[in-house]
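Below is one structure, written out as structure tokens, with a few remarks after it.
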Amino acid sequence: MKKIISALLIFIFMFGFAACGTENKVETSTAAPVAAEQDNSSVDVDLTQLSSTMVYSEVYNMMTTPENYIGKVVKMSGDFALYSNEAQNYYACVIADATACCQQGLEFVLTGDKKYPDDYPKVNDKITVTGVFETYYEGENRYCHLVDASLAA
């Protein structure tokens, strides 16, 4: 059962990354670094204030049109997820739609020199993450993530 759940989480996690597309331009943010503790006045996109259907829709929109969000401070709540490969770990905040049939996740990179598992919650714990939305490339694939992120349980 754990293998099925793990495989499903990996599939969902990678689908969210793949939705960013594969354009060949480099995108960087000119936004100032985000402080470790965010206040709501500095948040551009606060997904914690939306219904589950709207959050799912907005995260889907972020994955399909990331250029509209680059450099914006995003705050979201969901479940902590971890994806590991041989090279590194990827951490994400995953949310489900209102019927809990579909999930979207957004990778995040915490500010500072954090180590897993010491500085991270347990998989499936409820979290709130705030960070600056950016894209990056691994090979020809473009991915979306929040950088300079802070985490609240």
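Computed from the coordinates by the stated procedures, all read-outs in this text should not be read as laboratory data. Here the structure is a predicted model, which means the values were calculated and not measured.
What the table below lists for this structure:
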read-out: Viscosity 1.306 mPa s, temperature 10 °C, Stokes-Einstein D of segment 77-153 from Kirkwood C-alpha radius, µm²/s; value: 121 µm²/s
read-out: Estimated vicinal HN-Hα couplings, Hz - segment 98-107 in sequence order (Karplus 6.51, -1.76, 1.60; Gly, Pro = x); value: 4, 8, 6, 8, 10, 10, 10, x, 10, 5
read-out: Built amide H within the under 5 Å cut-off of residue 108, gap 5+; value: 91, 92, 93, 146
read-out: In sequence order, calculated HN-Hα J values of segment 109-115 (Karplus, 6.51, -1.76, 1.60; Hz; x Gly/Pro); value: 10, 5, 6, x, 9, 8, 10
